[in-house]
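Structure first, then comments.
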Amino acid sequence: MSHWSSAKAKRVLAALLNIGWELKRQSGSHRTLSRDGWPDFVFAFHDNEEIGLKMLARIAKHTGLTPDGL
């Protein structure tokens, strides 16, 4: 069973910023985030979009986000 629960993109982006990711650039809804020691990550969701369990797990794999950090 997954520890993730779906969340709005705005909440996920806020959680990423809280763990040290910074907005590098933005083009429309595509935001490129950067963090020392990690490759850049493109966050391509509209703020009110619901992000499901599988996508949250993928985001976590590439960014270090944890269910507790959300």
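The values are calculated or read from the model by the stated rules, or taken from the named source; none is laboratory data. This is a predicted model, so every value here is computed, not measured. Every residue, glycine as well, gets a Cβ built from its backbone with ideal geometry; the counts of neighbours run over all protein chains shown. Ligands, DNA and RNA are stripped out before the accessible areas are found, and what is left, the full protein with its side chains, is counted by its heavy atoms. Shrake-Rupley method; radii C 1.70, N 1.55, O 1.52, S 1.80 Å.
Kindly provide the set of residues from the range 22-50 that are assigned to a loop (DSSP other than H, G, I, E, B) and hydroxyl-bearing (Ser, Thr, Tyr), ordered by number. Give the derivation first.
To start, the set of residues in the range 22-50 that are assigned to a loop (DSSP other than H, G, I, E, B) comprises 28-29, 36-37, 45-49.
Result: Ser29, single match.
Contact map, the range 9-25: residues that are closer than 15 Å to Glu50 by Cα and open to solvent by 80 Å² or more (accessible area, probe 1.4 Å) paired with residues that are of a type in the set (Phe, Trp, Tyr) and not in a helix (DSSP H, G or I), Cβ distance under 8 Å, separation 6+ or inter-chain. No pairs are found.
Kindly indicate the residue of the range 26-41 that is hydroxyl-bearing (Ser, Thr, Tyr) and free of Cβ contacts under 8 Å to residues at least 12 places away in the same chain and also surrounded by the most Cβ atoms within 10 Å (Cβ to Cβ) among those meeting that condition. Among them, the one singled out is Thr32.
For the range 1-21, check the following and say yes or no: at least one residue is part of a strand (DSSP E or B) and over 11 Å from the mean Cα position of the chain (by Cα). Looking for residues that are part of a strand (DSSP E or B) and over 11 Å from the mean Cα position of the chain (by Cα), one finds none in the range 1-21, hence no. Tallying residues that are under 15 Å from His3 (Cβ atoms) and out of contact with any helix residue (DSSP H, G or I) (no Cβ under 9 Å at 6 or more places or on another chain) within the range 13-54 yields 3. Give the residues of the range 16-41 that are closer than 13 Å to Ala60 by Cα and in contact with a His (Cβ under 6 Å, 6 or more places away or on another chain), sorted by residue number. Matches in the range 16-41: Phe41 only. Given the condition open to solvent by less than 50 Å² (accessible area, probe 1.4 Å) and among the β-branched types (Val, Ile, Thr), answer yes or no: does some residue in the range 47-57 qualify? Yes, the range 47-57 contains at least one residue that is open to solvent by less than 50 Å² (accessible area, probe 1.4 Å) and among the β-branched types (Val, Ile, Thr).
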